[in-house]
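Encoded as structure tokens, the structure appears first; notes follow it.
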Amino acid sequence: MRLLEKVEASPVDAAKRGLARGASRGVPPAASLGGYRLAIRRALALVLLVPAVPLMAVTIAVVRLTSRGPGIYRQTRVGAGGRTFVMRKIRTMRVDAEARSGPVWAQLSDPRVTPVGRLIRALHLDELPQLFNVLAGEMDLVGPRPERPEFTQWLGREIPGYLNRLSVRPGITGLAQINLPPDTDLDSVRRKLALDLEYIHTRTLWLDLRIMACTALRLFGVRSAAARRLLRLNRQPVVLMPETPPFASDPCAPDVPQPMAYASVG
């Protein structure tokens, strides 16, 4: 199903409205990251690129040899404060994957994914080019996943508080990513939002290191559940229905009859 026929307003404008409301509820603005945090992330990304570059070169060559189209594809995503940027990934789908459908969410056993692409996704090698986005200051190593502009405004209308996740730079990995599968519907987005907001409110260098370690263990074949237990990162997001809707005046979600609040339990 095509989720959005037309983006009616800029994600930047929608995000500014959402973040202004979020600040009054204690959501930290993007600027609170601090220059030292960005410098540390860029240094780590530079170190990680040393082994990643030859691995990317081999993976891109395999993609080019096994399917038609480029090895890397570029896609516009929404970052901190609603600013858009171009994110790079190693291509895992057919080159014409959305030619007829337009922007759609991924599916289980997605027929658009090539056989080689399934292996690349399982090993998370398709995410490696995003280290260049970290170097450019557009992304962080850890944070909420960046969404496409086609979905951002729509989700901001449908899910109260969704735009608060734009208060930090998006990440290659994150608390939501290591606990939950890719988005497939609104309920899956609500569950991930619970963990994104938990991360934004509780993030520390120690939490970031544990999330990165968990991601690394998964890359080396350790089962996700075992890695999360070892690092105490297991989360089960719960979507709560409050008696008094806290987002009733949210103009980004005027048609939601029962606004949601979010929590997660370990």
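Each reported figure results from applying straightforward, stated rules to the coordinates on display, with no laboratory input. Keep in mind that what you see is a predicted model, and the values were worked out from it rather than measured. With ideal geometry, Cβ positions are generated from the backbone for all residues, glycine too; neighbour counts draw on all protein chains shown.
Show the residues, 5+ positions off or on another chain, whose built amide H is closer than 5 Å to the amide H of Thr84.
Under 5 Å from the amide H of Thr84 lie the amide H atoms of Gly79, each far enough along the sequence or on another chain.
So, R0 is 30 Å and r is the distance between the beta-carbons of Val62 and Ala136; what FRET efficiency does that work out to, to 0.05? Walk me through the intermediate numbers first.
Numbers: r = 26 Å, r/R0 = 0.87.
Computed FRET efficiency for Val62 and Ala136 comes out at 0.70.
With r defined as the distance between the Cβ atoms of Val95 and Leu46 and R0 fixed at 25 Å, what FRET efficiency is calculated, to the nearest 0.05? Let's see the in-between values first.
On the way: r = 31 Å, r/R0 = 1.24.
With R0 = 25 Å, the Cβ-Cβ based efficiency is 0.20.
Which ordering of His124, His201 is given by a fewest-first count of other beta-carbon atoms within 10 Å? Walk me through the numbers before you get to the answer.
On the way: His124 14, His201 11.
The most exposed by this proxy come first: His201, His124.
Between Val53 and Asn234, how many nm apart are label points set 7 Å from Cα along the C-beta direction?
Rounded to a tenth, the inter-label distance reads 4.2 nm.
If each residue of separation counts as 0.36 nm, what is the full-extension length gain between His124 and Ser188 once their alpha-carbon separation is subtracted? Walk me through the numbers before you get to the answer.
Values: separation 64, 0.36 × 64 = 23.04 nm, distance 2.03 nm.
Extending this stretch completely gives an extra 21.0 nm.
Counting only the backbone N, which residues of the stretch 44-82 are under 17 Å from the spot 7 Å out from the Cα of Leu219 toward its beta-carbon?
44-60
When Glu158, Glu138 are ordered from fewest to most other Cβ atoms inside 10 Å of their Cβ, what list results?
Values: Glu158 17, Glu138 20.
The fewest-first ordering by Cβ neighbours comes to Glu158, Glu138.
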